[in-house]
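Each remark here refers to the structure printed beneath this line.
The values are calculated or read from the model by the stated rules, or taken from the named source; none is laboratory data. Everything numeric here is computed off the predicted structure, so don't read it as measured data. Neighbour counts are summed over all protein chains in view; Cβ atoms, including those assigned to glycine, are modelled from backbone coordinates with ideal geometry. Just so you know, the surface numbers come from the protein's heavy atoms only, side chains and all, with ligands and any DNA or RNA stripped out. Shrake-Rupley method; radii C 1.70, N 1.55, O 1.52, S 1.80 Å.
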Amino acid sequence: MPRVLLAMLAAASALVPARRLPVMAKPRARSSAVAAPQMGYALAAPAKFALKWALPSIATVVAGRWLKKRLDRPSRPYDRAANSVGREYDAWTKEGILEHYWGEHIHLGYYTDAELDRGYLRKDFIEAKYNFTQRMMDWGGVTTAKTETGGADVKILDVGCGIGGTSRYMATTLPESSVTGITLSGEQRDRATKLAAERDIPNAKFQVMDALNMDFEDNSFDVVWGCESGEHMPDKKKYVTEMARVLKPGGKMVIATWCQRDNATRSFNAEEEQALDFLYSEWTHPYFISIPDYAKSLKKDAAMVDVETDDWNKNTIASWRHSIWVGVFDPWPVIRAGPRMWYKCLRDGICLERMHRAFKRGLMEYGMIKGTKPLAAAA
């Protein structure tokens, strides 16, 4: 603020004529000509001082406004034809920054009420993600080696598996199972496969495949799992029905996904629509839907039974700012990566904060949806 005031002072001072300087006696010139007195206006000393401090401030303001305008414009909109989702995850995987900070589980973490009371920064960020996976398994009933389909060799499909952290966790927790993870990113598939081999987890396999057009036969899996993959799906109905198609009768579908508020009772205003549009387009999301929309799709479009939902916003929202702080505490991987990565991480940090604010004010919700494929579907 002082520099802004100085800038105003400089502008005002420059417009006011300086006090006319008194004409002092001049020494006789070497030539016969007499030097003419110096007439006119001189820049006031306060103006010189003010301009010295004001110009950097003005440049800072202009640069700041330019940068804000640029950062407010989403940079990675969804483009199915260009496989924007696969392309971005290819880049994130090759860069290694996302894995360094988020670990093998590219999804939010879970914080108990007691942990939130103590302060989320006291909890290990990576541990929170493992806790989330276990909580999701418990909530979805994916906790035993034998499911309602009757088999001991449980087949699990992880739709949108990332670099396979959740797939490997389930494969280790349920050693009798076979887990298949699918992704649009070839880099993620390769990294997931490498990590499974390094940890000697032979019952976890990974493929590149479109979740909206899967190659699997009908009734192939006992559990179909989607953890933060629905956000990237351009057709939410197809996402649900395709998962239901490959699910065995009696099998379980479990989904965790970012959802927007149900606008059936309260429509979005212009500011909310603008905020959502940024969240769509900055991280290559086509759009979000509400938790009730997912529940309706499971019941109506996929003919699932025992459909239940929940909102885990309270116990996951800390992840957004926690992920920013882990970067603040350990900035060197980004610093060493160079200016391009600085800018990319700056954008991601801003989006993380915007996500936090959207969830905090109820514009976004953390949707948990589950259902069972009826046994009658076997016919």
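Take the conditions basic (Lys, Arg) and open to solvent by less than 70 Å² (accessible area, probe 1.4 Å) and apply them to Arg261. Does it pass?
yes
Residue check, Lys299 against (1) open to solvent by 10 Å² or more (accessible area, probe 1.4 Å); (2) under 28 Å from Ser84 (Cα atoms); (3) touching a residue at least 60 places away in the same chain (Cβ under 8 Å), all met but one. Which one?
Going through (1) open to solvent by 10 Å² or more (accessible area, probe 1.4 Å); (2) under 28 Å from Ser84 (Cα atoms); (3) touching a residue at least 60 places away in the same chain (Cβ under 8 Å) one by one, Lys299 breaks only (2).
Quick one: which residue in Arg73, Arg87, Arg80 is assigned to a loop (DSSP other than H, G, I, E, B), open to solvent by 70 Å² or more (accessible area, probe 1.4 Å) and farther than 26 Å from Met368 by Cα?
Arg73 is the lone residue from the list that is assigned to a loop (DSSP other than H, G, I, E, B), open to solvent by 70 Å² or more (accessible area, probe 1.4 Å) and farther than 26 Å from Met368 by Cα.
Do we find a residue being of a type outside the set (S, T, N, Q), surrounded by 15 or more Cβ atoms within 10 Å (Cβ to Cβ) and at pLDDT below 95 anywhere in segment 358-376? Don't jump to the end; show me each part of the working.
Just the residues of segment 358-376 that are of a type outside the set (S, T, N, Q), to begin with: 358-371, 373-376.
Those still in the list that are surrounded by 15 or more Cβ atoms within 10 Å (Cβ to Cβ) too: 358-359, 363-371, 373.
Filter once more, so that each one left must be at pLDDT below 95: none.
No: zero hits.
Of Ser319, Ser297, Ser323, which residue is touching a Gly at 6+ places or on another chain (Cβ under 6 Å) and small (Gly, Ala, Ser)?
The unique qualifying residue is Ser319.
For Thr172, are the conditions met, namely being at pLDDT 95 or above and surrounded by fewer than 24 Cβ atoms within 10 Å (Cβ to Cβ)?
yes
Is it the case that some residue within segment 134-150 is modelled with pLDDT under 95, of a type in the set (S, T, N, Q) and either part of a helix (DSSP H, G or I) or open to solvent by 50 Å² or more (accessible area, probe 1.4 Å) (or both)?
yes
Does at least one position in segment 304-319 carry a residue that is on the phi > 0 side of the Ramachandran plot, open to solvent by 20 Å² or more (accessible area, probe 1.4 Å) and either touching a residue at least 60 places away in the same chain (Cβ under 8 Å) or out of contact with any Lys or Arg (no Cβ under 8 Å at 6 or more places or on another chain) (or both)?
For segment 304-319, residues on the phi > 0 side of the Ramachandran plot, open to solvent by 20 Å² or more (accessible area, probe 1.4 Å) and either touching a residue at least 60 places away in the same chain (Cβ under 8 Å) or out of contact with any Lys or Arg (no Cβ under 8 Å at 6 or more places or on another chain) (or both): present.
Failed condition for Gly250, given (1) crowded, with 20+ Cβ neighbours inside 10 Å; (2) farther than 26 Å from Thr284 by Cα, with all others met?
(1)
Can you name every residue in segment 346-357 that is open to solvent by 50 Å² or more (accessible area, probe 1.4 Å) and either on the phi > 0 side of the Ramachandran plot or of a type in the set (D, E, K, R) (or both)?
Listed by number, the residues that qualify are Arg354, Arg357.
Any idea how many residues of segment 190-203 are more than 23 Å from Met233 (Cβ to Cβ) and open to solvent by less than 50 Å² (accessible area, probe 1.4 Å)?
Selection size over segment 190-203: 4.
Of the residues Thr257, Thr284, Thr265, only one is modelled with pLDDT under 95 and either under 26 Å from Lys344 (Cβ atoms) or touching a Phe, Trp or Tyr at 6+ places or on another chain (Cβ under 7 Å) (or both); which? Spell out the reasoning first.
Values: Thr257 fails: modelled with pLDDT under 95; Thr265 fails: either under 26 Å from Lys344 (Cβ atoms) or touching a Phe, Trp or Tyr at 6+ places or on another chain (Cβ under 7 Å) (or both).
That would be Thr284, the only listed residue that is modelled with pLDDT under 95 and either under 26 Å from Lys344 (Cβ atoms) or touching a Phe, Trp or Tyr at 6+ places or on another chain (Cβ under 7 Å) (or both).
Condition first: open to solvent by 50 Å² or more (accessible area, probe 1.4 Å), of a type in the set (D, E, K, R) and free of Cβ contacts under 8 Å to residues at least 12 places away in the same chain. Now tell me which residues in segment 91-130 satisfy that.
Within segment 91-130, Asp117, Arg118, Arg122, Asp124 qualify.
Determine whether Glu272 is open to solvent by less than 20 Å² (accessible area, probe 1.4 Å), out of contact with any helix residue (DSSP H, G or I) (no Cβ under 8 Å at 6 or more places or on another chain), farther than 21 Å from Gly140 by Cβ and acidic (Asp, Glu).
The answer is yes for Glu272.
Only one of these conditions is not met by Glu187: (1) free of Cβ contacts under 8 Å to residues at least 40 places away in the same chain; (2) crowded, with 19+ Cβ neighbours inside 10 Å; (3) acidic (Asp, Glu). Which number is it?
(1)
Is it fair to say Tyr343 is in a helix (DSSP H, G or I) and either touching a residue at least 60 places away in the same chain (Cβ under 8 Å) or buried (at least 20 other Cβ atoms within 10 Å of the Cβ) (or both)? Working first, answer last.
Details: in a helix (DSSP H, G or I): yes; either touching a residue at least 60 places away in the same chain (Cβ under 8 Å) or buried (at least 20 other Cβ atoms within 10 Å of the Cβ) (or both): no.
Criteria not met by Tyr343.
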